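Asker: Right, I'll just put the structure down here and ask away after.
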Amino acid sequence: MAQEIVKVHPLVVRITHWINVAAVLMMLFSGWKIYNASPLFGFTFPNEVTLGGWLAGALQWHFAAMWLFALNGLVYLAYGILSGHFRRKLLPISPGAVLRDIGQALRGRLAHEDLSVYNAAQRAAYLALIAALVLLVASGLAIWKPVQLYWLASLMGDYEGARYLHFFAMTAVVAIVLVHIAMVILVPRTFPSMFTGRIRKIP
Ligand code: HEM
C-alpha cells in the first residue's frame with residue numbers, strides 16, 4: 001500500500017500543546033488542593049492527586065503555573081487566529097456534521113485515512129476545550145482580583161458565582177480531555193504526530 005507522508009501539526013501548535021499539558025496538570029492538581037481547603041460540594045479530592053502539600057504551597061503552584069498556562073495559551077491563540085490555523089483546521093463546523101460524526105464514531109465507522117483533517121466531532125471538542133479554558137482563565141481572574149475586576153466578577157454572580165463557574169469550567173475541561181485521551185488511544189498513530197508534525201496518509 002503506497003503511503004504518503006503529510007504535514008499535520010505546525011511547530012508552534014506542537015510546542016504550545018505539550019507546554020499546555022504540563023501547565024494544565026499543575027493547575028488542576030494544585031487547584032484541587034485549594035478546593036479541599038474550602039469545598040463547594042460535599043466531597044474533597046484525594047491527597048494523592050493534589051499538589052503543593054498545603055493551602056499556601058498549592059496557591060504558589062497555582063499562581064506560578066498560571067503564568068506559564070496564560071502566556072502559552074496567548075501564543076497558541078494568537079498563532080491560531082493570525083496564521084489561519086483555526087480557520088483551516090477547526091472551521092467550518094455545523095451541528096449536523098458534529099452529530100453525524102459523533103454517531104459514526106460511536107458505531108466505530110469514522111474514517112481515519114486522512115488524519116491531516118480534523119473531523120467535525122474533533123473540531124467541536126477542540127473548540128469547546130478552548131472556550132472552557134478561556135472561561136477558566138476569566139473566572140480565575142475574577143476570583144483572584146474580585147475588587148479590581150468587580151465588573152468581571154459581577155458578570156459571574158460575584159466572587160461566589162465565579163468560584164462555581166471556575167469549578168464547572170474545570171470539570172468541562174477534565175471531561176473533554178478524558179474523551180480526547182481516549183480518542184488518541186483509539187487512533188494511536190495520532191500520538192507521535194503531535195511530536196513530529198507528520199503523519200502517514202492511507203490512500
Ligand atoms: C497526555 C495528554 C494528552 C495527549 C496524549 C494529547 C494528544 C494530542 C494529539 C495526539 C493531538 C492531535 C490529534 C490529531 O492529530 O488527530 C492533540 C491535539 C490537541 N490537543 Fe491534546 N493531548 C493531551 C492533552 C491535552 C490537554 C490537557 C489539552 C487542553 C487542555 C489538549 C488540547 C488539544 C488541542 C486544543 C488540540 C488541537 C490542536 C490544534 O490543532 O490546534 N490536549 N492532542
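Asker: Starting from residues that are more than 15 Å from the chain's Cα centre (by Cα) and hydroxyl-bearing (Ser, Thr, Tyr), keep the ones in the range 90-144 and report whichever is surrounded by the most Cβ atoms within 10 Å (Cβ to Cβ).
Answerer: Ser139
Asker: Moving on to the next point. State which residue pairs qualify: first residue farther than 10 Å from Val98 by Cα and inside the range 109-125, second residue at pLDDT 90 or above and of a type in the set (A, V, I, L, M) in any location, beta carbons under 6 Å apart, and separation of 6 or more residues or different chains.
Answerer: Sorted first by the residue in the range 109-125, then by its partner, the pairs are His112/Val187; Leu115/Ile199; Ser116/Val6; Ser116/Val8.
Asker: Farther than 30 Å from Gly31 by Cα and of a type in the set (Lys, Arg): is that true of Arg163 in this structure? Let's see the steps before the verdict.
Answerer: On the way: farther than 30 Å from Gly31 by Cα: no; of a type in the set (Lys, Arg): yes.
For Arg163, the condition - farther than 30 Å from Gly31 by Cα and of a type in the set (Lys, Arg) - is not met.
Asker: Here is a follow-up. Kindly indicate whether any position in the range 158-169 is open to solvent by less than 40 Å² (accessible area, probe 1.4 Å) and within 14 Å of the ligand (Cβ to nearest atom). Before the answer, list the steps.
Answerer: Narrowing the range 158-169 to residues open to solvent by less than 40 Å² (accessible area, probe 1.4 Å): 161-162, 167, 169.
Pick out the ones that are also within 14 Å of the ligand (Cβ to nearest atom) and you get 169.
Yes, some residue in the range 158-169 is open to solvent by less than 40 Å² (accessible area, probe 1.4 Å) and within 14 Å of the ligand (Cβ to nearest atom).
Asker: Within the range 25-37, can one find any residue that is open to solvent by 40 Å² or more (accessible area, probe 1.4 Å), at pLDDT below 95 and farther than 30 Å from Leu82 by Cα?
Answerer: Checked the range 25-37: no residue is open to solvent by 40 Å² or more (accessible area, probe 1.4 Å), at pLDDT below 95 and farther than 30 Å from Leu82 by Cα.
Asker: Before we move on, is Ala132 in contact with a helix residue (DSSP H, G or I) (Cβ under 9 Å, 6 or more places away or on another chain) and within 12 Å of the ligand (Cβ to nearest atom)?
Answerer: yes
Asker: Going by the conditions given, is Leu186 over 25 Å from His9 (Cβ atoms) and not charged (D, E, K, R)?
Answerer: Numbers: over 25 Å from His9 (Cβ atoms): no; not charged (D, E, K, R): yes.
Spelling it out, it is not the case that Leu186 is over 25 Å from His9 (Cβ atoms) and not charged (D, E, K, R).
Asker: Looking at Gly157 and the list (1) under 24 Å from Asn36 (Cα atoms); (2) touching a helix residue (DSSP H, G or I) at 6+ places or on another chain (Cβ under 7 Å), which single condition is not satisfied?
Answerer: Every listed condition holds for Gly157 apart from (2).
Asker: Considering every residue within the range 111-123, establish whether at least one is of a type in the set (Asp, Glu) and either at pLDDT below 95 or touching a helix residue (DSSP H, G or I) at 6+ places or on another chain (Cβ under 7 Å) (or both).
Answerer: Going through the range 111-123, the residues of a type in the set (Asp, Glu) turn out to be 113-114.
If we keep only those that are either at pLDDT below 95 or touching a helix residue (DSSP H, G or I) at 6+ places or on another chain (Cβ under 7 Å) (or both) too, we end up with 113-114.
There is at least one residue in the range 111-123 that is of a type in the set (Asp, Glu) and either at pLDDT below 95 or touching a helix residue (DSSP H, G or I) at 6+ places or on another chain (Cβ under 7 Å) (or both).
Asker: Looking only at the range 12-40, which residues are hydrophobic (A, V, I, L, M, F, W, C), part of a helix (DSSP H, G or I) and more than 12 Å from the ligand (Cβ to nearest atom)? Steps first, please.
Answerer: Looking only at the range 12-40, we keep the residues that are hydrophobic (A, V, I, L, M, F, W, C), and these are 12-13, 15, 18-19, 21-29, 32, 34, 37, 40.
Retained after the next criterion (residues that are part of a helix (DSSP H, G or I)): 12-13, 15, 18-19, 21-29, 32, 34, 37.
Scanning the range 12-40 gives Phe29, Trp32, Ile34, Ala37.
Asker: Considering only residues of the range 54-81 that are open to solvent by 70 Å² or more (accessible area, probe 1.4 Å) and within 15 Å of Val137 (Cβ to Cβ), which is farthest from the ligand (Cβ to nearest atom)?
Answerer: Our first condition is that a residue be open to solvent by 70 Å² or more (accessible area, probe 1.4 Å); within the range 54-81, this holds for 54-55, 60-61, 63, 67-68, 71, 74-75, 81.
With the extra rule that they be within 15 Å of Val137 (Cβ to Cβ), the set shrinks to 63, 67-68, 71, 74-75.
On the way: Phe63: 19, Trp67: 17, Leu68: 13, Leu71: 15, Leu74: 14, Val75: 12 Å.
It comes out as Phe63.
The values are calculated or read from the model by the stated rules, or taken from the named source; none is laboratory data. These numbers were taken from a predicted model, which means no experiment stands behind them. Reconstructed Cβ throughout: ideal geometry from the backbone, glycine too, with neighbour counts over all protein chains shown. Ligands, DNA and RNA are stripped out before the accessible areas are found, and what is left, the full protein with its side chains, is counted by its heavy atoms. Shrake-Rupley method; radii C 1.70, N 1.55, O 1.52, S 1.80 Å.
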